[in-house]
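Input: a single structure, listed below in structure tokens.
The values are calculated or read from the model by the stated rules, or taken from the named source; none is laboratory data. All of these numbers come straight from a predicted model, not from anything done at the bench. Here Cβ is always computed from backbone atoms with ideal geometry, including for glycine, and neighbour counts include all displayed protein chains. The accessibility values were calculated without ligands, DNA or RNA, using every heavy atom of the protein model including side chains. Shrake-Rupley method; radii C 1.70, N 1.55, O 1.52, S 1.80 Å.
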Amino acid sequence: MKPRFARAIVLLCLLYCRAALARVEAQCSTSPWITVWPDLETKLIQPRQVFLFSGSYSGGKYSLEKMLPQFGTAIRATLWSAHDSVDLLVLGHFEYTGTDAWDAHSQLLLQPSRPLLPDSVYELRVARADENLYFLFRNGQPKPGQRRATAYRWQVSAVPDEQAPAWVATPTVQQAKYEANSEGIENYVMFSYPLRDASPCLLRATVRHVSSRLESRFMLQTWHDRLPIGWFTCGGNVRLKSEEAYTVSFEAIDAAGNRAVATGTPIPFRAPIKVACCWGN
């Protein structure tokens, strides 16, 4: 191969890789806001509704991985109505630092300090001292004269859910996948979701790497009626090591705070094999 032709091929490869990385960065840009479960589309919540706040790395003055741990201490979150105001108490704090700063994300599990009033409409309010932190919740900047508030408003159900979730079987591995491409890395294991409950549920997962005994704890939601463990192109909950042995435990927490563990014994599984690819990793 002639040197000039070889240099041209190398240059084209570099330009292509640079363009591919640009596409990844555009697709995988992190959100500067805290997301909330239940979301904006939810109409009814429970009197003892469980809430999940999630935030990714954002940097700057309002870096979410630094601010989320302040909830319940320096930062006060309340549910407010015209005739009531109830503080949200932190039940759990979960952090994932990942392999670099952009992997970092935090989660907070919260619940009202006392039951909300049935049939009342509450809005989420957040403040630090006298500073209104409404803008952390993907609200955008208000127009002149517009009220500075989060967009989260829900009505409280008149019928509380007092029934705990019921696991009808032990979750099992349905799919294990490793794929590297121009958009990133997919490296995950999908478990079945044999659960019954009258309310929407969150899942508290504890993943343990067998040889190192290192554990990761996090909250997750179902995806296409499956329980996702691992990494999904732009984000995830744990980085799995190729073909290595793990265990996972699942605890269901429904909207009303009722809980049920899937099994008393952690479920063993093995990470998918890492596939060599021109895209790296």
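Quick one: is Thr150 touching a strand residue (DSSP E or B) at 6+ places or on another chain (Cβ under 6 Å) and at pLDDT below 95?
yes
Is at least one residue of segment 93-100 at pLDDT 95 or above, at negative phi and surrounded by fewer than 16 Cβ atoms within 10 Å (Cβ to Cβ)? Give the derivation first.
First pass over segment 93-100, keeping only residues at pLDDT 95 or above: none.
Looking through segment 93-100, none of the residues is at pLDDT 95 or above, at negative phi and surrounded by fewer than 16 Cβ atoms within 10 Å (Cβ to Cβ).
Take segment 185-202 and flag every residue that is assigned to a strand (DSSP E or B) and under 19 Å from the mean Cα position of the chain (by Cα).
Hits for segment 185-202 are Ile185, Glu186, Asn187, Tyr188, Val189, Met190, Phe191, Cys201, Leu202.
Find all pairs meeting these conditions: Cβ atoms under 6 angstrom apart; at least six residues apart or on different chains; first residue within segment 169-198 and more than 11 Å from Phe250 (Cα to Cα); second residue among the small types (Gly, Ala, Ser) and surrounded by fewer than 20 Cβ atoms within 10 Å (Cβ to Cβ).
From segment 169-198, the pairs are Thr172/Ser192; Gln174/Ser192; Ser182/Ala20; Val189/Ala176; Pro194/Ala169; Arg196/Ala166.
Tell me which residues, restricted to segment 101-132, are closer than 30 Å to Pro160 by Cβ and either open to solvent by 90 Å² or more (accessible area, probe 1.4 Å) or of a type in the set (Ser, Thr, Tyr) (or both).
Ser106, Ser113, Arg114, Asp119, Ser120, Tyr122
Listed residues Ala256, Ala205; which is touching a residue at least 12 places away in the same chain (Cβ under 8 Å), in a strand (DSSP E or B) and surrounded by 15 or more Cβ atoms within 10 Å (Cβ to Cβ)?
Ala205
Can you tell me which residues in segment 133-149 are open to solvent by less than 10 Å² (accessible area, probe 1.4 Å) and either closer than 18 Å to Gln49 by Cα or part of a loop (DSSP other than H, G, I, E, B) (or both)?
Matches in segment 133-149: Leu133, Phe137.
Scan segment 174-208 residue by residue and report those that are out of contact with any Lys or Arg (no Cβ under 6 Å at 6 or more places or on another chain) and under 17 Å from Glu95 (Cβ atoms).
Leu202, Arg204, Ala205, Val207, Arg208
For segment 208-225, what are the residues that are open to solvent by 50 Å² or more (accessible area, probe 1.4 Å), touching a residue at least 60 places away in the same chain (Cβ under 8 Å) and not in a loop (DSSP other than H, G, I, E, B)?
Matches in segment 208-225: Arg217 only.
Output the number of residues of segment 238-249 satisfying the condition of being open to solvent by less than 30 Å² (accessible area, probe 1.4 Å) and closer than 15 Å to Gly184 by Cβ.
Residues flagged as open to solvent by less than 30 Å² (accessible area, probe 1.4 Å) and closer than 15 Å to Gly184 by Cβ within segment 238-249 amount to 1.
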